1. In this structure, is residue 78 surrounded by fewer than 18 Cβ atoms within 10 Å (Cβ to Cβ), more than 18 Å from residue 340 (Cα to Cα), out of contact with any helix residue (DSSP H, G or I) (no Cβ under 9 Å at 6 or more places or on another chain) and of a type in the set (Gly, Ala, Ser)?
2. Specify the residue that is surrounded by the most Cβ atoms within 10 Å (Cβ to Cβ); the eligible residues are those in the range 177-203 that are among the polar types (S, T, N, Q) and more than 18 Å from the chain's Cα centre (by Cα).
3. Restricted to the range 62-86, and to residues that are in a strand (DSSP E or B) and of a type in the set (S, T, N, Q), which residue is farthest from residue 317 (Cα to Cα)?
4. Any chance the range 100-117 includes a residue that's β-branched (Val, Ile, Thr), over 16 Å from the mean Cα position of the chain (by Cα) and either surrounded by fewer than 19 Cβ atoms within 10 Å (Cβ to Cβ) or over 19 Å from residue 221 (Cβ atoms) (or both)?
5. Of everything in the range 317-338, what is closer than 16 Å to residue 47 by Cβ, crowded, with 23+ Cβ neighbours inside 10 Å and not aliphatic (A, V, I, L, M)? Give them in sequence order.
6. Test residue 209 against the criterion of being closer than 29 Å to residue 268 by Cα, part of a loop (DSSP other than H, G, I, E, B) and acidic (Asp, Glu), and give yes or no.
7. Part of a loop (DSSP other than H, G, I, E, B), touching a strand residue (DSSP E or B) at 6+ places or on another chain (Cβ under 7 Å) and not aliphatic (A, V, I, L, M), is that true of residue 103?
Amino acid sequence: MRIIKALGIMVAMSPLLVFAQPSQGSAVSPTPQEQQNLDAIKGKASGVIVWSTSRANARNDIWKMNMDGTDQKSLTQGDGVDWFPRISPDGKWVLFNRSNSGWVPENDADQPDQWDLWVIGMDGQGERKVVEKATWGTWRPDSKTLIYSRASKVFSRSLEGTDESMLLDGELAFKKGVILQEPNLSPDGKFLAITLRGSQRETGIWSLDAKSWQQSGEGCQIDWVPGGKQVYRVNSTGNGGSAAPSEILRFPFENGKQVGKVGFFGVSKEFRLMDLPGRRSHEYFPRIDNTGSWLVWGATDKGHDHDIYDYEIYVWKIGSPVEQAARVTFHSGNDRWPDMWVP
């Protein structure tokens, strides 16, 4: 296999396969406004952020930092691709996807044979594999139960056990060839918020009791606000500069239904949670912290591929002016899929 580097992107080439992997990148300096916004959040909360980054080895490891961007250091190191970290509700563990064959792009998340789920302590100790051949692992409120996908199916199992229960078969509920991404079970355990890909592309909420589907919209990455009374997701509209536009929307969830939707004339202001002004307004990977007070996400000013382009991590106090959002990473490597926990 031959490795070349062009425009800061590593490209692996073989007679049968051509694919790109992220650049290791280098540190960059904040603008005066970025530094001002960053200084403004210091001392506001003592949260910790975990995220996936290529800066150490041009593959992706899990790193952690304080919510103001200080004390950045790696949690995982290895030959695989580590991404989609999720902090347990008690703040003690980080669940993440790991490839079992070196570099694998995120687009192959629909191929569970290439991935396993691992956990590592927030202190960097106790790393171990917990589920084989699975992706998109998320937590239940007890910090002892996992929800995850295998292509078209969603399962539940104990963190310490081996028996699993299937919660949803997407090919029976939707279409043959559908892929279920990022399954998030509501706090009361009655509804699954899911992104559909493959043969059906949309976001929505599946009722486990009624076995019925409510479409939220197109977009992706739908999840619950802590408490389960709202949902939020990425939508392919909004500011964008030179990048493909996107924004983060939030909707009430009442009586088993999402209230409100994207209409013919666009998004109502009441449902828009975050849409940065300017060029770096391709918002992806949103996570509302466990207290419901802070939003963390990634944004880029060019490109769309999750595991290649220069996404930067932002933090924002929900309800404050969007112009006060603070960029907390300053590195040209790939930074994606953050999560934040506040004690």
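1. Details: surrounded by fewer than 18 Cβ atoms within 10 Å (Cβ to Cβ): yes; more than 18 Å from residue 340 (Cα to Cα): yes; out of contact with any helix residue (DSSP H, G or I) (no Cβ under 9 Å at 6 or more places or on another chain): yes; of a type in the set (Gly, Ala, Ser): yes.
Yes.
2. The initial filter retains those residues of the range 177-203 that are among the polar types (S, T, N, Q), namely 181, 184, 186, 195, 199-200, 203.
Retained after the next criterion (residues that are more than 18 Å from the chain's Cα centre (by Cα)): 199-200.
Numbers: 199: 14, 200: 16.
Residue satisfying both the conditions and the ranking: 200.
3. The first filter runs over the range 62-86 and keeps only residues in a strand (DSSP E or B), leaving 62-66, 73-74, 82-86.
Next, from what is left, pick out any that are of a type in the set (S, T, N, Q): 66, 74.
Details: 66: 15, 74: 25 Å.
Across the range 62-86, the extreme among qualifying residues is 74.
4. Keep residues of the range 100-117 that are β-branched (Val, Ile, Thr), which gives 104.
With over 16 Å from the mean Cα position of the chain (by Cα) added as a condition, the list becomes 104.
Narrowing further to those that are either surrounded by fewer than 19 Cβ atoms within 10 Å (Cβ to Cβ) or over 19 Å from residue 221 (Cβ atoms) (or both): 104.
Yes.
5. Scanning the range 317-338 gives 329, 338.
6. Values: closer than 29 Å to residue 268 by Cα: no; part of a loop (DSSP other than H, G, I, E, B): yes; acidic (Asp, Glu): yes.
No: the conditions fail for residue 209.
7. Details: part of a loop (DSSP other than H, G, I, E, B): yes; touching a strand residue (DSSP E or B) at 6+ places or on another chain (Cβ under 7 Å): yes; not aliphatic (A, V, I, L, M): yes.
Here the answer is yes, as residue 103 does meet what is asked.
Per-residue answers, yes or no, for (1) of a type in the set (D, E, K, R); (2) touching a residue at least 60 places away in the same chain (Cβ under 8 Å); (3) touching a Gly at 6+ places or on another chain (Cβ under 6 Å):
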| residue | (1), (2), (3) |
| --- | --- |
| 23 | no, yes, yes |
| 30 | no, yes, no |
| 39 | yes, no, no |
| 49 | no, yes, no |
| 55 | yes, yes, yes |
| 65 | no, yes, no |
| 70 | no, no, no |
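No lab work stands behind these numbers, since they all come straight from the coordinates. In this text the structure is predicted, and so the values were computed from the model without any measurement. As a convention, Cβ positions derive from the backbone with ideal geometry for all residues, glycine included, and neighbour counts pool all protein chains shown.
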